[in-house]
1. Give a residue-ordered list of calculated ³J(HN,Hα) values for segment 5-11 (Karplus: 6.51 cos²θ - 1.76 cosθ + 1.60, θ = phi - 60°; whole Hz; x for Gly, Pro).
2. Amide H to amide H under 5 Å from L22: which residues, 5+ apart in sequence or cross-chain, H placed 1.01 Å off N in plane?
3. Given H placed 1.01 Å from N in the peptide plane, which residues other than close sequence neighbours of L75 have an amide H under 5 Å from its amide H?
4. Using a Gaussian network model on the chain with a 10 Å cutoff between Cα atoms, which of H80, H189, H133 fluctuates the most?
5. Net charge near P116: determine it from the other residues with C-beta under 14 Å of the C-beta of P116, scoring Lys and Arg +1 and Asp and Glu -1.
6. Report, by chain and number, residues whose modeled amide H sits under 5 Å from the one on V103, excluding near sequence neighbours (fewer than 5 apart, same chain).
7. Which chymotrypsin sites (Phe, Trp or Tyr not before Pro) from segment 112-174 combine a DSSP loop assignment with at most 16 other Cβ atoms within 10 Å?
8. Report ³J(HN,Hα) in whole Hz for each residue of segment 64-75, in order, from the Karplus equation J = 6.51 cos²θ - 1.76 cosθ + 1.60 where θ = phi - 60°; Gly and Pro get x.
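Coordinate-derived values only; no laboratory data. Note that the structure is a prediction, hence the values are computed from the model and not measured. A quick note on method: Cβ atoms are made from the backbone with ideal geometry, for glycine too, and the neighbour counts reach across all protein chains shown.
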Amino acid sequence: MEHSDGVPMLERDLRSIFGARLLSLSTYGAQVRRAHVHGAPVHTLAIVDMLTPDDLRACANRVGAWHDAHLATPLLLAAHEFESALDAFPLEFGAILADHVVVAGKAPFDGLTVDPADVRRAIEVQARSHLLHLREGFVETRGRSDALSLLITDSAAAFRALLASMARLDPRFDPGPIAKEVAALAGAHDISSREGERLFPGYLEAAERLVKYIDAWTA
């Protein structure tokens with residue numbers, strides 16, 4: 001997997017800050033593969049032996065250069081924080097487990113897994129929240145098709161992440177063609193009013209179907 005030219009710079013900076021306390025540095029997420037084409041920021045995770053306020057201040061002094069190099073602000077975790085928080089962030093940390101590359105240091109995730117029950121519960125919370133957001137958002141469009149199109153594009157990234165989490169939990173779930181179309185709009189600037197009117201009913205139905213499916217799901 002290719003990574004941003006900024007990652008070696010980040011590694012050097014982190015080593016200058018943490019020294020031997022830097023245990024590992026990893027890139028994660030599908031955007032790592034696309035960064036050299038789309039200019040998407042590369043996400044990184046640094047695990048350190050311990051983390052102090054002085055460390056955070058030193059990182060704050062360098063974050064501008066990292067952003068200029070198309071790096072997202074690195075996720076900084078003290079040793080053992082990742083595994084102890086798997087049940088609290090099963091979707092976010094599960095996504096890192098599923099798609100990462102160790103850039104430096106020892107492999108930080110060997111032997112770690114996410115409890116499917118934690119994933120199911122987190123997906124249900126997000127799916128129900130997303131459905132409520134769509135219903136409320138539709139009412140707030142006041143019938144304006146341009147506002148409806150904006151509702152779709154603004155929510156597409158969250159919906160895509162939700163479907164990706166569902167696919168990792170249960171590859172059998174089929175969100176349907178309209179749901180896949182909406183998910184593919186993540187990062188899109190706009191769609192036409194006519195396209196928004198075409199997509200929204202199927203989008204809402206897909207969100208409702210996901211809620212029902214995950215509510216009844218068992219491992």
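1. After applying 6.51 cos²θ - 1.76 cosθ + 1.60, I find 4, x, 5, x, 4, 4, 4 Hz.
2. Counting only residues 5 or more places away or on other chains, the set is D49.
3. Amide H to amide H, under 5 Å and 5 or more residues apart or across chains, L75 pairs with T44, L45, A46.
4. H189
5. The answer is -1.
6. Correct list: L25, S26, T27.
7. Numbers: sites: F138, F159, F173; in loops: F173.
In loop regions of segment 112-174 (DSSP not H, G, I, E or B), the sparsely surrounded chymotrypsin sites (Phe, Trp or Tyr not before Pro) are F173.
8. Working through the residues one at a time gives x, 5, 5, 5, 4, 8, 6, 10, 6, 4, x, 7 Hz.
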